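In what follows, a single structure is set out as structure tokens and then discussed.
No lab work stands behind these numbers, since they all come straight from the coordinates. Computed from a prediction, not measured in an experiment: that's the story for all the values here. Heads up, the Cβs are rebuilt from the backbone with ideal geometry, glycines too, and the neighbour counts pull from every protein chain shown.
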Amino acid sequence: MVAKIISTFLVSWLMVICTGCASNLVQQKPTTARSSTNKILIVAMTTSIEDSGLLNDLIAAIENKTGYQLKSISVGTGQALALAEKGEVDAVFVNSPLAEKKVLQDGTVMNRRLVMHNDFVIVGPAADKAQIRGKKDAVEAFSLIAKNQALFFSRGDDSGTNKLERDLWKQANIIPIGAWYQQTGAGMGHTLQVANDKKGYTLVDRATYLFQKKNLSLQILVEGDKKLLNLYHVMEVNPQKFPQVNKTAARAFSDFLLSGEGQRLIAAHGKNKFGQPLFFVDGGKTDKDYGF
């Protein structure tokens with residue numbers, strides 16, 4: 001009887017130990033959060049894609065079509081490319097051609113493809129202290145803003161918009177400093193609202209302006225200059241340089257944006273509400289079609 005009790009006790013004790021071992025094995029299993037078999041898709045994209053409402057139109061379709069859960073990071077193009085350079089995202093969807101080409105050349109990203117475009121506009125208060133209304137040259141408009149020290153709000157965040165703005169000041173041979181020139185360090189939507197509240201000027205993509213127009217008193221004062229063209233590209237982070245990226249998800253995302261369904265969704269965004277699309281699709285085109 002005693003032997004039987006001891007035997008039963010030993011069996012029970014061994015079962016407890018084995019269960020504990022199995023539990024530890026499960027807990028110590030390495031994570032595969034960024035593996036190609038995982039269903040998370042991480043994309044860094046310029047803030048205008050979210051601020052214009054386009055992201056909301058795309059999320060469900062992207063997830064249904066690709067089977068991946070989209071985790072978007074809305075930042076300026078500079079920050080988006082910095083995340084790519086660290087291998088912290090799977091793809092980028094941005095709007096600064098020169099900056100994009102640099103990370104493409106150094107092997108950070110691959111498969112750069114043109115998705116869509118719209119344009120930038122210079123907006124400001126109706127009083128128009130700088131007298132830029134109707135000007136067709138963005139550089140001339142910036143010169144007048146500086147000359148009259150009219151309040152100007154810059155994103156100051158190394159975004160595609162900010163990069164273009166700095167280039168326009170450079171073309172005007174102006175270093176923007178002084179109380180009239182203020183940087184928000186924020187996205188397009190927030191910068192536009194600050195400029196509106198303080199009755200200043202700013203450079204903004206047309207899509208974000210139209211999407212938020214009902215809450216704004218700022219008016220479009222300068223538009224139509226070829227220098228204000230705004231191209232958006234999608235790029236996949238290079239898995240040869242960053243093995244942890246989800247290359248399958250990145251390709252699925254990129255392919256969806258250029259697919260018939262993706263291009264139709266982009267072309268339709270804002271058309272009913274604003275009487276015009278907020279973006280124009282460019283599937284099959286390249287920078288050369290626009291002189292870049």
Restricting attention to the range 84-126, which trypsin sites (Lys or Arg not before Pro) occupy a DSSP loop and are surrounded by at most 16 other Cβ atoms within 10 Å? K86
Cα gyration tensor of the range 119-228, axes a ≥ b ≥ c as square roots of the eigenvalues: rounded (a/c below 1.5), prolate (a/b > b/c) or oblate? rounded
To the nearest 10 degrees, the tilt of helix 188-197 (Cα long axis) against the first principal axis of the alpha carbons of the chain is 40
Summing -39500 (n - 2.57) over every DSSP H run of at least 4 in the chain, dividing by its residue total and rounding to the nearest 500, the 222 nm mean residue ellipticity is -13000 deg cm²/dmol
Would you mind checking the tilt of helix 54-66 against the longest principal axis of the Cα atoms of the chain, expressed as 0 to 90 degrees and rounded to 10? 30
Based on alpha-carbon positions alone, could you give the equivalent ellipsoid semi-axes of the chain from the gyration tensor, as √(5λ), descending, whole Å? 50, 21, 18
About the Cα centre of the range 119-228, what is the dipole size in debye to 20, counting +1 per Lys and Arg Cβ and -1 per Asp and Glu Cβ, all else neutral? 200
Once you have a ≥ b ≥ c as the square roots of the Cα gyration tensor eigenvalues for the range 248-291, tell me rounded if a/c is under 1.5, and otherwise prolate or oblate according to whether a/b is larger than b/c. oblate
Extent along principal axes [Cα atoms of the range 196-285; Å; largest to smallest]: 48, 28, 26
Computed magnitude of the charge dipole of the chain (debye, nearest 20; Cβ of K, R +1, Cβ of D, E -1): 180
With a cap of 16 neighbouring Cβ atoms within 10 Å, and only residues DSSP puts in a loop, list the GluC sites (Glu not before Pro) found in the range 63-166. E88
Under a Gaussian network model of the chain whose springs join Cα atoms within less than 10 Å, the largest fluctuation of I40, I175, I59 belongs to I175
Using Cα pairs closer than 8 Å and at least 6 residues apart in sequence, work out the relative contact order for the chain, in percent. 27
If you line up the long axis of helix 138-147 against the longest principal axis of the chain, both from Cα atoms, how many degrees apart are they, to the nearest 10? 70
